[in-house]
1. For the chain, what does the helix formula give at 222 nm: sum of -39500 (n - 2.57) over DSSP H segments with n ≥ 4, over the residue count, nearest 500 deg cm²/dmol?
2. Output the 0 to 90 degree angle, nearest 10, between the alpha-carbon long axis of helix 167-193 and the longest principal axis computed from the alpha carbons of the chain.
3. Treat every Asp and Glu Cβ in the chain as -1 and every Lys and Arg Cβ as +1, leave all other atoms uncharged, and give the resulting dipole magnitude about the Cα centre to the nearest 20 debye.
4. Over segment 1-99, what percent of the accessible surface lies on carbon and sulfur atoms, probe 1.4 Å?
5. Just want the answer: with Cβ charges of +1 for Lys and Arg and -1 for Asp and Glu, which residue in Ser136, Tyr111, Gly50 is farthest toward the dipole's positive end in the chain?
6. Tell me the per residue accessible area of segment 1-156 using a 1.4 Å probe; a whole number in Å² is fine.
7. For Asp91, what is the net charge nearby, where nearby means another residue's Cβ is under 12 Å from its Cβ and Lys, Arg count +1, Asp, Glu -1?
8. In the neighborhood of Gly69, defined by Cβ-to-Cβ distances under 10 Å, what is the net charge if each Lys or Arg adds +1 and each Asp or Glu adds -1?
Amino acid sequence: MDVADVIAEGVRGVPAAEIPRRLCAVAVELLPVTGASVSLRGNGMPVRMGASDPAAARLAEIQATLGDGPSLYAAEAGAPVLASDLTAGRDARRWPVFAQQAAEAGVRAVYSVPLGDDAVCVGTLDLYGDAPHELSGRELHTARLVAGVMTLALMSLPVAEDDDAPAEASWLNAVAAEQDEIYQAIGMIMAQLGVGADEALALLRAHAFAEGRTALDVAHEVITHRMRFDED
């Protein structure tokens, strides 16, 4: 069975809302990686859409919280970013804090492949390895194939506009709600401290990093009035 057949078989009969997670699992099956996640570009922070497992989801959240890592660079450049060895050398120096946190999570390599086309990057497929490894040309081609199918799948998911929308749309709404919590928290921090949006986001990320939590966790506490930044 060739790569295209494996991808097709992996998503055959899968509900639309499950396709991103299932494609992450297919990527792990096809490539020398232990986990995968997919994120869409957001205003200020990437939005995680699915992951092969909780550990991969955590790595995606770490990059979003730090505002740094291969995923964000790949989304900005619209080209693959292959961090083949986060334990030493150029990759470890390029993202020192992320590299340290990734190593603590058992990840030694990250490969981020953009979703979209040459004109527009809508997000990234992020692959995580537990040992340093440089992807071969064939392996990178496979990763690009999965990313291409992932792009089509994400762009085909419906968006709910009313209560009668299909179940897949409610899944997208749940993801959008998480991102809305980030934006709402940023607005509240701006009001509490009299700062701009970029500084509010930086403070949110810094607080999350200092406490070893995700930005989404902290945002939820801000909007539920369990945390005020003017009391720090």
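The values are calculated or read from the model by the stated rules, or taken from the named source; none is laboratory data. Please read all numbers here as calculations on a predicted model, not as lab measurements. Glycine gets a Cβ as well: all are built from the backbone with ideal geometry, and neighbour counts include every protein chain shown. Note: areas computed on protein heavy atoms with side chains; ligands, DNA, RNA excluded. Shrake-Rupley method; radii C 1.70, N 1.55, O 1.52, S 1.80 Å.
1. Calculated at 222 nm, the ellipticity per residue is -17000 deg cm²/dmol.
2. Around 40 degrees separate the two axes.
3. Working: 16 positive and 34 negative charges, 132 e Å.
Here the chain has a charge dipole of around 640 debye.
4. Taking all protein chains in place, segment 1-99 shows 52 percent carbon and sulfur surface.
5. Checked the options; the winner is Ser136.
6. Numbers: 6940 Å² over 156 residues.
In whole numbers, segment 1-156 has 44 Å² accessible per residue.
7. Once all neighbours under 12 Å are counted, the net charge is +2.
8. -1
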